[in-house]
């Protein structure tokens, strides 16, 4: 049996040396090393041998199988290189062509519009100020002219933590107090981008988390005219020079007087549609002159200093600018949506 093994080994070696292509390699492997191959079948015959011959036969069979496996790998590499060389020589492969490009990632639409907003406002002289997501009730409400049990708190459905008086901020306005207390009594112009959290029902127009960008300017003799000029220039840079806009009176507990800014509906051009509720206008932000109580809480004397503030939601701005009709798309991780930007 050992002689038969050696003869089979020599036969397999010669057959392997004659293989010149991938198909021949597959056929050789099936013939000798496959499940029904000659070497495999011979190894299975070890049980038919006398007990004293089995160890030597088993060792030799394993040596031959290992050697043939190594020879097969080496021959496979040589055949592959030869095939590539033939294809190159025949011109089937143009090695000067560029490779296949890898798929490129895209900026999330929220990130894209947030960066655009920040870029516009920083060009206008505002400085980015980062504040914290986890806030206290004092900074989130009380110092912004909303004491405990104030009815205005009902506008913000709040996530409270297990620690009393600690919550996830419902707006980026607490950062205004932090910024004023850090820089008072010097004039400031800051924007506060960040994430906000509200315990709301998830619908096409509301989410439990969303971005917000607020702006704050405090100094001497700052007026409503300064606020309107800032917002008009911002809207022109973001939506275009020809987009009509308007201001409406409103109310916020931390500004007095308060306004809201609208632009002409992008989808219907002011004719009226379901998105703009047939008014022809879309709200883009709220704003106003900083309330004297808030100024005082921030460390500024309201008899000497004045200021304005404004706030907007980048997701809402993106919905208006790109014609997106459902805010849930922003957090749905659907590539069909994200790859459009």
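What follows draws every value from the coordinates through simple rules; no lab data is involved. Just so it is clear, the model here is predicted, and its values are computed rather than measured. In this analysis, Cβ positions are derived from the backbone assuming ideal geometry, glycine residues included, and neighbour counts consider all displayed protein chains.
The table below gives the values:
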quantity: Nitroxide proxy distance, nm - points 7 Å out along Cα→Cβ at residue 283 and residue 97; calculated: 5.7
quantity: Intensity falloff of region 1-91 expressed as log10 I(q)/I(0), Debye formula with alpha-carbon point scatterers, at q = 0.17 Å⁻¹; calculated: -0.72
quantity: Cα-based Rg and Dmax for region 132-251, where Dmax is the largest Cα-Cα distance (Å); calculated: 16.4, 50
quantity: Relative contact order (%) - the chain, alpha-carbon pairs under 8 angstrom, separation at least six; calculated: 15
quantity: Ranked packing of 171-179, 262-270, most packed first, by mean Cβ within 10 Å; calculated: 171-179, 262-270
quantity: Nearest-ten-degree value, helix 109-123 long axis tilted from longest Cα axis of the chain; calculated: 50
quantity: Cubic angstrom per residue, convex hull over Cα atoms of region 69-214; calculated: 298
quantity: Protection proxy ranking, peptides 242-252, 137-147, average beta carbon neighbours within 10 Å, highest first; calculated: 137-147, 242-252
quantity: Region 109-339 - share of DSSP beta bridges that are antiparallel (%, nearest 5); calculated: 95
quantity: Degrees, to the nearest 10: 174-183 long Cα axis against longest axis of the chain; calculated: 70
quantity: Gain in span if fully extended, residue 87 to residue 107, counting 0.36 nm per residue against the direct Cα distance; calculated: 3.1 nm
quantity: Crossing angle, helix 22-32 versus the chain [Cα axis fit, 0-90 degrees, rounded to tens]; calculated: 60
quantity: Order of 118, 39, 218 - criterion: other Cβ atoms within 10 Å of each residue's Cβ, fewest first; calculated: 118, 39, 218
quantity: For region 265-341: relative contact order, % (alpha-carbon pairs under 8 angstrom, 6 or more apart); calculated: 24
quantity: Net length gained if the chain between residue 49 and residue 118 were fully extended (0.36 nm per residue, minus Cα distance); calculated: 16.5 nm
quantity: Nearest-0.05 FRET efficiency for residue 341 and residue 226, computed from C-beta distance (R0 35 Å); calculated: 0.55
quantity: Packing rank of 229-240, 119-130, where each peptide gets the mean count of other beta carbons within 10 Å, highest leading; calculated: 229-240, 119-130
